[in-house]
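The values are calculated or read from the model by the stated rules, or taken from the named source; none is laboratory data. Quick caveat: nothing in here was measured; it's all calculated off a predicted structure. Neighbour counts run over all protein chains shown; Cβ positions are idealised from the backbone, glycine included.
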Amino acid sequence: MQIFTVSEFITVLNDIMRRSISPHEVGILGEVAEYKVSQDKWIWFKLKDDQGVIDCFATVWQMRTPLENGMKINAYGFPKVHPKSGKFAINVERVELIGEGALRRAFELLKKKLETEGLFALERKRMLPQFPEHIALIASRESAAYTDFIRIVNNRWSGLTIHLYHVAVQGASAIKEIVSAFAECQMSDVRCQVLVLIRGGGSIEDLQAFNSEEVARAIFASKIPVVVGVGHERDETIADYVADRRASTPSNAAEMLVPDRREIGYAISVMSERLRDRMDYALESNKDRLADMTSALARFTGRKIEYVREAARRIAERFAQISVRTHDRVTGAIRILENLNPEKLLARGYSVVFKNGHVVRSVKTLARGDVVSIRLGQGTFDGDIREIKT
Amino acid sequence: MASKIKKPTFEESFRELEKIVAEFESKEVDLEKGLAGFERGMELAQFCKKHLEEVENKVVEIKKRFGGVLGENEEGT
């Protein structure tokens, strides 16, 4: 027989209970009732089934999951008799929501809370880079979501490095792993330009990590834009709301992130064509210059202007046939035309001989004693013919 | 310090090409100056097209550096 004082007894009882019931091994399944929060710090509620009820206590900062009366939960905690009041309660360390109803309700509550805080604000959403080079990918590498995503990226684009952070996307460790991946990425040496978080579709139980406050905050805190793609066309997860862009599926996420090489290739072709067109147009407008030059040449040589024009055109054409590169074609043509400029010929040392105002082309028109006028690049002088050489 | 010529990214080249085309469209093309732009534009177009056809994608798996998750064995260390 042992006699304890009241406080000693309570201590012994608490000790016995603590040692035999641990929140790592034992959970209590029940329905939440009489839920209340006092002073924004302490949470009290009752956990009941149809035959029994137990008091529960928790702190606000420890209880991340918002609860409501009527929700079914698993509660994990230490049973304890509070010495001062003799009151028995479970000190709850964590809870799990059971059943779709509870999860939906928690989803609604969290969505409202985060929306009010501004995590879904449109103004904060950032643009995705058009041509990313480094993408951070948080996904389960065993999943179809992952293989689909990679396949579509490879089809569409090249020159990309995908930095894969493999995580569990559901189950007990999912939230921790996903949040940890976000943290790793922020601190990485490689500057990724965009982060993508994907998984396949699933039930609301499966999607719990994507509806969690921790993952939502990790997305919000990301310094680079985040694309979320849950393989789930209908319902949206909290992660979808916080994301900079929401993709309807992992494949859609791939389409959003990288361009289609065929479309870009087409755009490049169109631009090349436009350049060529403008270049041709510039050449066309330079035909005016050509006209001036041929007129000058015709005046000087006395030939008909059409003849000169034809000659110049044939030369330029012939040159164009020889040279493949447009650049050479154009500069070559310009050079030829410029060299046909009479002024240039004179500057190079050629001279023009005039007799009685007409250009002399052959010595046959000259006789000893004739007076001729000679035009040089610089200046003109007269001369008497001394001797004709044949 | 010796200057290092950085390899141009696809994005830089594509943007420069867009800029040249915009310049060509907006004003009268001077034949002499236009040639330089035209040449550069063709060069860029060539580079971009080559990039689309050739370069492959790479997947690099990141192993966690410090304690935590991402697949590393938590026992011992």
Every listed condition ((1) loosely packed, with under 15 Cβ neighbours inside 10 Å; (2) modelled with pLDDT of 90 or more; (3) not aliphatic (A, V, I, L, M)) holds for A:Lys111 save (1)
Identify, please: which residue in the stretch A:138-157 is touching an Asp or Glu at 6+ places or on another chain (Cβ under 9 Å) and surrounded by fewer than 18 Cβ atoms within 10 Å (Cβ to Cβ) and is, among those, nearest to the other protein chains (Cβ to nearest Cβ)? A:Asn154
Across (1) within 22 Å of A:Thr147 (Cα to Cα); (2) not in a loop (DSSP other than H, G, I, E, B), A:Ile219 clears everything bar (1)
Every residue in the stretch A:164-197 that is within 16 Å of the chain's Cα centre (by Cα) and within 24 Å of A:Thr237 (Cα to Cα), please. A:Gln193, A:Val194, A:Leu195, A:Val196, A:Leu197
Given (1) on the phi > 0 side of the Ramachandran plot; (2) touching a residue at least 40 places away in the same chain (Cβ under 8 Å), A:Ile21 misses just (1)
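Residues being assigned to a helix (DSSP H, G or I), more than 9 Å from chain A (Cβ to nearest Cβ) and modelled with pLDDT under 80: count how many of those fall in the stretch B:20-35. Give the derivation first.
As a first pass, look at the stretch B:20-35 and keep what is assigned to a helix (DSSP H, G or I): B:20-26, B:31-35.
Cutting the leftovers down to more than 9 Å from chain A (Cβ to nearest Cβ) gives us B:22-23, B:26, B:33.
Remaining after also requiring modelled with pLDDT under 80: B:26, B:33.
Adding up the residues that qualify gives 2.
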Across the stretch B:47-77, what is the number of residues that are more than 9 Å from every other protein chain (Cβ to nearest Cβ) and modelled with pLDDT of 85 or more? 2
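Identify, from the list A:Leu119, A:Leu67, the residue that is assigned to a loop (DSSP other than H, G, I, E, B), away from every other protein chain (no Cβ under 14 Å) and either free of Cβ contacts under 8 Å to residues at least 40 places away in the same chain or among the hydroxyl-bearing types (Ser, Thr, Tyr) (or both). Give the derivation first.
Values: A:Leu119 fails: either free of Cβ contacts under 8 Å to residues at least 40 places away in the same chain or among the hydroxyl-bearing types (Ser, Thr, Tyr) (or both).
Going through A:Leu119, A:Leu67 in turn, the sole match is A:Leu67.
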Of the criteria (1) farther than 28 Å from A:Ala239 by Cα; (2) assigned by TED's automatic domain parsing to the domain that holds A:Val196, which one A:Tyr146 fails: (1)
Among the residues of the stretch A:70-89, which ones are touching a residue at least 12 places away in the same chain (Cβ under 8 Å), not aromatic (Phe, Trp, Tyr) and not in a loop (DSSP other than H, G, I, E, B)? A:Lys72, A:Ile73, A:Asn74, A:Ala75, A:Gly77, A:Pro79, A:Lys80, A:Val81, A:Lys87, A:Ala89
